Structures are given as structure tokens and as C-alpha cells.
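Participant: Have a look at the structure that comes next, please.
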Amino acid sequence: MTDDVLLVHGGNPLEGEIRVRGAKNLVPKAMVAALLGQGPSRLRNVPDIRDVKVVRGLLQLHGVTVRTGDEDGELILDPSHVESANVADIDAHAGSSRIPILFCGPLLHRLGHAFIPGLGGCDIGGRPVDFHFEVLRQFGATIEKHPQGTYLVAQQRLRGTRIELPYPSVGATEQVLLTAVLAEGVTELRNAAIEPEIVDLICVLQKMGAIITLGTDRTILITGVDELDGYNHRALPDRLESASWACAALATKGDIYVRGARQLEMMTFLNTFRKVGGAFEVDDEGIRFWHPGGELKAIALETDVHPGFQTDWQQPLVVALTQATGLSIVHETVYESRLGFTGALNQMGAHIQLYRECLGATPCRFGARNFLHSAVVSGPSKLIGSELVIPDLRGGFSYLIAALAAEGTSTVHGIDLINRGYENFMDKLRDLGAQVELPSERADEELVSA
Ligand code: EPU
């Protein structure tokens, strides 16, 4: 499909203003939460991205009516008539996203059973869902795995339980929250993830009538209630997309105002951005990011769960680090194989060497397991346009940044994947002055001039 290929003519700074809306890693989950309510929910600041479309489709299959509201980016979700969906229809969503796994708890509460298709999501590691199923078993669900998906049944009302996660998984924490709120009794979750998107989901659930205490030391206490209502919520802004544009500004020596970006959830990123030599200015409406001139500085970086440096910020930042003077060290501790995208950067002229050792202050789960999860980036490197195939969402956006920073033209294949998490990225790129072109547009022009 030619429209899945983008020609990027690099070498120009990105300059101007773009807007980010609600977080990809909150909005689809807040949509799932609507299933738990007796009445309709109103979710605002919803971006037009594929993960939202997938969840909308799945909700509709289960009898939830989903319509747009009067406000731009507003969805009204009415779960008054939740019903079982046809397994073949659900299965058609197999491989499309990781969100379907979060339907388990709400469907078990509403229907007593659930069918979850095979999951999609980015190929950045094994991405198992063992924690999710273990947690659901603890609540009292029975689980049967079949080749086309997983069947879950709750013979009776699910019961609150004590859970300690082996690792503070975002998805497993959300699974517990979405299940515990209507379970009988109290649930104690230890070693929970506390990413800002999780806290925003807790806000959504509290608005619905849930009782959730975010304790110290990654402990969350949930007191189950008998019934929840709908909610009215404005999704928190996408701090991951905001950081991607910040890195694009830095790598292309540009200047981008990201309307909607918020300091609170980006503090760790902003500190790192400043250490590398990037400049930023926060106001009430957004954050301006720019390259202030001069050399960028090499840094040592370790990804971690919140409040550490978010793994999804790592890939775009690595592109900017190829332009920093000296040796930067990157230790990826959340996913075992999120550095594979660097091969293509090397092909463009970067100097990045991967290591199996933990090159960071904290030894992580991957050090003894033979995963190439540390990188040394030697810069600055002149990047040259190349032929690139997008490997995953953030890696894909990083390739766009690299292509925009490079001299010459790059042909980037698989750009459709970026629509999973970046709203209208083509329009935004053009608004910032990027010279990008779809081969189909070029063919149209040739036809017109012929
Ligand atoms: N893990 C397990 N077993 C499980 C669940 C997780 O071993 O049952 C491991 C994973 O393999 C991984 C680690 O725990 O090594 C962390 O995974 P987590 O469950 O936290 O990730 P997730 O919920 O699948 C969400 C985001 C990711 C983001 C991570 C970490 C969504 C839809 N995805 O994934 O976002 O990187 O949390 O913050 O919310 C992205 O936006 O590009 C993206 C990949």
C-alpha cells in the first residue's frame, strides 16, 4: 500500500505550534471504565487515534453505545444495555491492541463471563500477560485458554483480595483497579504502578463512586462498592507525545510550542531535556521546546517506572542523543528489547553500540538474561537519509525524527503504525514545516502536470 510509505526530505528545523490532546495510555482505559457504570459517561479531550477506534468498536460489540458529543474530542459512552458479543466479532479485533485484556474485570462484573482475543501492541519485548490472569484468578475468576483467545468466567461475584505484583506493571495495576472497584470487600495491591495515567484512571473511577486510596510505597487500597455511575472527565494530556515533539525540536535544531503539554507529568523528562542542552519554557497553555544553539551534551540515562524516566520517552530522545557531543549511556530497564530500532539509526550514520550488561546504576531484570538492553551512543553524528521500516510506535516516530534531522531524503515504510498513538501526525509535521510527501501525492502531481 503506497500510502503506508512516507518520503521525508530532511535537514530543516521543525518550527511552529502543534496541539496534543488526551493521553493514549489513559483514554482507551477510561473508555473501558465506562462499562462499569450504570449510566452514561462523558469523556473529553479524546484524540483521534487508532487505539481509541479499536476500543470503541469493542465496546459497541458489547452493547455500549458510543457517540461523539457537542464538544470537539468528546465521547458519550452509554453502557445501559451491555450484552455478550459474538466471539467471531471480538476475534476480528485480535492483534489490534493491548487494551482488550482490560475488558476482563468489567465484563466479568457485568455479564459473568468474558472472551479476550489475542493481543496486539508494539513488539518491544515478550509482553506477557501472566500478571493479569494471575490477578483475575485471585479475584475468583476461572480462566481457560483456547487457540483463538481466552475465556473467563465468574461463577459468583468477584471477591477483593491481597495482591503483590512481581513488577509494577501498568496494565496489571489497571486490571486490578477495574476489577476491584466492584468486587466484594477490600483489595490491597502492593508494588503497584503509579504512572500519571493510572492516577487519572483512579480519578475517573472515584468520580464513578469508587473508593480508592493511593498509599505510600506503591500500595493501593480499593474498597469494593455495589454500584458505580457514569463519569464526566477531561483526559490528562499525552506526556509521551509531547516529549516526542520536544525531541523532534532538539534533533532538528528547531523550536516547537506544544499546546496542551503539562509540566507536572513531564518533570523527569524536562530535567533530562535540560541536561542534554535543550531549552524549554512552560506557560499555562503548553510548553515551548527548542534547541538554543551550541553543542548538545552527552548524558547517562536509565529508564524506569514512574517517577523515573519513562521508557516511551527513550526512543525519541536517543535520536537527539546522536547529535550530542561525547558518549551517552542508555539503560532500558522496562522492556527487554526496546533498543533494536538503533540498527536503522546506525545505517543512517549514527554510532550506537548495544550491550547485554546493565550499563546503569541499578542492575535490572534483564542483565543476567542475555538481552541487548543497554546502549552507548557516540556523537555527534551526521545523519544521512535512508530506507527505513517502522518497527513499533515510538521507534517509528523516532525514525521520522531521524529522517527529519538527516541530510537528504528518507523513505519510511509502515507509517500507518504511527496512527495508533499520534493524532494527525502528518498534518502536524506539515504545520511545523517538515517536507514530507506521500508517494500517492507525488503520483497525483505527475498526472496533473502530464
Ligand atoms: N509484564 C509481565 N507480565 C505481565 C505484564 C507486564 O512480565 O503480565 C512486564 C512487561 O513484559 C514489561 C513490564 O512488565 O517488561 C512493564 O509492562 P507494563 O505492564 O507496565 O506495560 P503495559 O501496560 O503493557 C503500558 C503502556 C506502554 C508503556 C508501559 C510502561 C499502554 C497501552 N501501554 O504498557 O506504552 O510503555 O505501560 O509504562 O498503556 C507506548 O505508549 O508506546 C507503550 C508501549
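Participant: One residue is enough: does the stretch 89-98 have a residue meeting the conditions within 15 Å of Q148 (Cβ to Cβ), over 19 Å from the mean Cα position of the chain (by Cα), charged (D, E, K, R) and open to solvent by 10 Å² or more (accessible area, probe 1.4 Å)? Talk me through it step by step, then tell me what you get.
Facilitator: Our first condition is that a residue be within 15 Å of Q148 (Cβ to Cβ); within the stretch 89-98, this holds for 89-96.
Okay, now just the ones that are also over 19 Å from the mean Cα position of the chain (by Cα), so 89-92.
Going one step further and asking which of them are charged (D, E, K, R), we end up with 89, 91.
From the residues that got through so far, the ones that are open to solvent by 10 Å² or more (accessible area, probe 1.4 Å) too are 89, 91.
Yes, that holds for at least one residue.
Participant: Considering each residue of the stretch 308-362, count those that are under 17 Å from R274 (Cβ atoms), surrounded by 19 or more Cβ atoms within 10 Å (Cβ to Cβ) and among the hydroxyl-bearing types (S, T, Y), and give that number.
Facilitator: Residues that pass the stated criteria total 1.
Participant: I would also like to ask the following. Looking only at residues that are touching a residue at least 40 places away in the same chain (Cβ under 8 Å) and open to solvent by 20 Å² or more (accessible area, probe 1.4 Å) in the stretch 294-303, which one is farthest from the ligand (Cβ to nearest atom)?
Facilitator: E295
Participant: Then there's this: Give the residues of the stretch 300-330 that are among the aliphatic types (A, V, I, L, M) and within 22 Å of A344 (Cβ to Cβ), sorted by residue number.
Facilitator: L301, L317, V318, V319, A320, L321, A324, L327, I329, V330
Participant: Here is a list of conditions, (1) away from the ligand (no atom under 12 Å from the Cβ); (2) within 27 Å of C364 (Cβ to Cβ), and A243 meets all of them except one; can you say which number that is?
Facilitator: Among (1) away from the ligand (no atom under 12 Å from the Cβ); (2) within 27 Å of C364 (Cβ to Cβ), A243 violates only (1).
Participant: So which strands (runs of 3 or more DSSP E) stay within the stretch 321-396 end to end and still have 3 or more residues that are more than 16 Å from the ligand (Cβ to nearest atom), modelled with pLDDT under 95 and of a type in the set (A, V, I, L, M)? Working first, answer last.
Facilitator: On the way: elements: 324-331, 351-355, 374-379, 387-389.
In the stretch 321-396, no matching strands (runs of 3 or more DSSP E) lie anywhere.
Participant: Another question, then. Taking the stretch 32-69 on its own, how many of its residues are acidic (D, E) and at pLDDT below 95?
Facilitator: 1
Participant: Could you list, in sequence order, all residues of the stretch 136-147 that are closer than 21 Å to D91 by Cα and either open to solvent by 70 Å² or more (accessible area, probe 1.4 Å) or of a type in the set (S, T, Y) (or both)?
Facilitator: T142, E144, K145, H146, P147
Participant: Test P28 against the criterion of being touching a residue at least 12 places away in the same chain (Cβ under 8 Å), open to solvent by less than 50 Å² (accessible area, probe 1.4 Å), within 16 Å of the ligand (Cβ to nearest atom) and part of a helix (DSSP H, G or I), and give yes or no.
Facilitator: yes
Participant: Right, something else. How about the stretch 380-394: which of its residues are small (G, A, S) and open to solvent by 10 Å² or more (accessible area, probe 1.4 Å)?
Facilitator: Selection gives G385, S386.
Participant: Could you grab me the full set of residues in the stretch 399-417 that are open to solvent by 10 Å² or more (accessible area, probe 1.4 Å) and in a strand (DSSP E or B)?
Facilitator: E407, T409, T411, H413, listed by residue number.
Participant: Same structure again: In the stretch 40-52, which residue that is open to solvent by 10 Å² or more (accessible area, probe 1.4 Å) and more than 16 Å from the ligand (Cβ to nearest atom) is farthest from E74 (Cα to Cα)?
Facilitator: P40
Participant: Between residues in the stretch 414-435 that are more than 22 Å from E387 (Cα to Cα) and residues that are basic (K, R) and open to solvent by less than 40 Å² (accessible area, probe 1.4 Å), which pairs lie under 7 Å by C-beta distance while being six or more apart or on different chains?
Facilitator: G421/K24; E423/R21
Participant: Given the condition part of a helix (DSSP H, G or I) and in contact with a helix residue (DSSP H, G or I) (Cβ under 6 Å, 6 or more places away or on another chain), answer yes or no: does some residue in the stretch 18-25 qualify?
Facilitator: Residues of the stretch 18-25 part of a helix (DSSP H, G or I): none.
So far as the stretch 18-25 goes, no, none of its residues is part of a helix (DSSP H, G or I) and in contact with a helix residue (DSSP H, G or I) (Cβ under 6 Å, 6 or more places away or on another chain).
Participant: Can I ask one more? Considering each residue of the stretch 254-287, count those that are within 22 Å of the chain's Cα centre (by Cα) and part of a strand (DSSP E or B), and give that number.
Facilitator: Adding up the residues that qualify gives 6.
Participant: I've got another one for you. Assess whether D255 counts as being surrounded by fewer than 20 Cβ atoms within 10 Å (Cβ to Cβ), farther than 30 Å from A172 by Cβ and acidic (D, E).
Facilitator: Answer is yes for this residue.
Participant: Take the residues of the stretch 281-293 that are surrounded by fewer than 18 Cβ atoms within 10 Å (Cβ to Cβ) and of a type outside the set (D, E): which is farthest from S374 (Cα to Cα)?
Facilitator: It comes out as V282.
The values are calculated or read from the model by the stated rules, or taken from the named source; none is laboratory data. Here the structure is a predicted model, which means the values were calculated and not measured. Reconstructed Cβ throughout: ideal geometry from the backbone, glycine too, with neighbour counts over all protein chains shown. Please note that ligands, DNA and RNA were not included when accessible areas were found on the heavy atoms of the full protein model with its side chains. Shrake-Rupley method; radii C 1.70, N 1.55, O 1.52, S 1.80 Å.
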